[in-house]
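Trainee: Take a look at the following structure, please.
The values are calculated or read from the model by the stated rules, or taken from the named source; none is laboratory data. Predicted, not measured: the structure shown is a model, and the values here were computed from it. Note that each Cβ is placed from the backbone with ideal geometry, even for glycine, and that neighbours are counted across all protein chains shown.
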Amino acid sequence: MTANTSIPGYTFDDPALAPSPVTISELDALLDSVLFGPDDQAALRTAGEVLTGQIEDVLDVWYGFVGAHPHLIAYFSTPAGDPIPEYLARVRARFGQWILDTCYRPLDANWLAYQHEIALRHTNIKKNRTDSADSVPAIPLRYLIAFIYPITATMRPFLAAGGHNDSEVDAMHQAWFKAVTLQIALWSQPYADTAW
């Protein structure tokens, strides 16, 4: 997979990224916890092939959902409540690449490090810094968790558009669901006190 290195703020392969506090063995335990195995990895690669030509359409659905809910668009707006178009556009480009990364990237130490970077960008530790945005300081964890459903449910029609049979679409959809749940679990790490 070739990443689009021209995306502003996309730093997957940046050697300066801090390593994740989650170890590979802890990742393996999380993979077991969401029942993610080699068949799921293969189904995600197939999903990537199906989704590649549909990324903008997927993003239109997701951005339409966020834009239709004032409590969600607020996290891409100024503290006074005005949406920031440049911020939305920059995040959108990374969100599109995230779809491809979810489908194609190996789940290794580099992947873990970038998951941690994404996690931090939702918290008051790094939110707004990547894009120099004048927005609210953090996104509450509850919305990351709640977003698992729309990000998963809305994906099925796009996966079904690739001409695969129902069982193959089911496999891709389940693999996507597991991968999203896994990433949100990782993104929750900076929200937890070290005692937890």
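Trainee: Scan the range 167-180 and tell me whether some residue there is out of contact with any strand residue (DSSP E or B) (no Cβ under 6 Å at 6 or more places or on another chain), exposed (fewer than 15 other Cβ atoms within 10 Å of the Cβ) and not hydroxyl-bearing (Ser, Thr, Tyr).
Mentor: Taking every residue of the range 167-180 in turn, none turns out to be out of contact with any strand residue (DSSP E or B) (no Cβ under 6 Å at 6 or more places or on another chain), exposed (fewer than 15 other Cβ atoms within 10 Å of the Cβ) and not hydroxyl-bearing (Ser, Thr, Tyr).
Trainee: Which of the residues that make up the range 33-59 are closer than 12 Å to residue 182 by Cβ and surrounded by 14 or more Cβ atoms within 10 Å (Cβ to Cβ)?
Mentor: Matches in the range 33-59: 34, 36, 40, 41, 44.
Trainee: Residues 106, 79: which one is of a type outside the set (D, E, K, R), part of a loop (DSSP other than H, G, I, E, B), in contact (Cβ under 8 Å) with a residue 40 or more places away in the chain and surrounded by fewer than 20 Cβ atoms within 10 Å (Cβ to Cβ)?
Mentor: Going through 106, 79 in turn, the sole match is 79.
Trainee: Scan (1) without any contact (Cβ under 8 Å) to a residue 12 or more places away in the chain; (2) closer than 30 Å to residue 50 by Cα; (3) within 16 Å of the chain's Cα centre (by Cα) for the single condition residue 163 breaks and write down its number.
Mentor: (3)
Trainee: If you don't mind, another one. Which one is farthest from the chain's Cα centre (by Cα), of the residues in the range 66-75 that are surrounded by 15 or more Cβ atoms within 10 Å (Cβ to Cβ) and hydrophobic (A, V, I, L, M, F, W, C)?
Mentor: If we take residues in the range 66-75 being surrounded by 15 or more Cβ atoms within 10 Å (Cβ to Cβ) and hydrophobic (A, V, I, L, M, F, W, C), then 74 is farthest from the chain's Cα centre (by Cα).
Trainee: Something else: Return only the number of the condition from (1) under 16 Å from the mean Cα position of the chain (by Cα); (2) closer than 19 Å to residue 184 by Cβ that residue 60 does not satisfy.
Mentor: Residue 60 satisfies all of (1) under 16 Å from the mean Cα position of the chain (by Cα); (2) closer than 19 Å to residue 184 by Cβ except (2).
Trainee: Six or more apart or on different chains, Cβ atoms under 6 Å: show the pairs whose first residue is in the range 29-55 and in contact (Cβ under 8 Å) with a residue 60 or more places away in the chain and part of a helix (DSSP H, G or I) and whose second is of a type in the set (Lys, Arg) and crowded, with 16+ Cβ neighbours inside 10 Å.
Mentor: 40/178
Trainee: Residue 195 fails exactly one of the following numbered conditions: (1) farther than 27 Å from residue 30 by Cβ; (2) at pLDDT below 95. What is the number of that condition?
Mentor: (1)
Trainee: Right, residue 180: in contact with a Ser or Thr (Cβ under 8 Å, 6 or more places away or on another chain), part of a helix (DSSP H, G or I), within 16 Å of residue 41 (Cα to Cα) and among the β-branched types (Val, Ile, Thr) or not?
Mentor: Taking the combined requirement at face value, the residue satisfies it.
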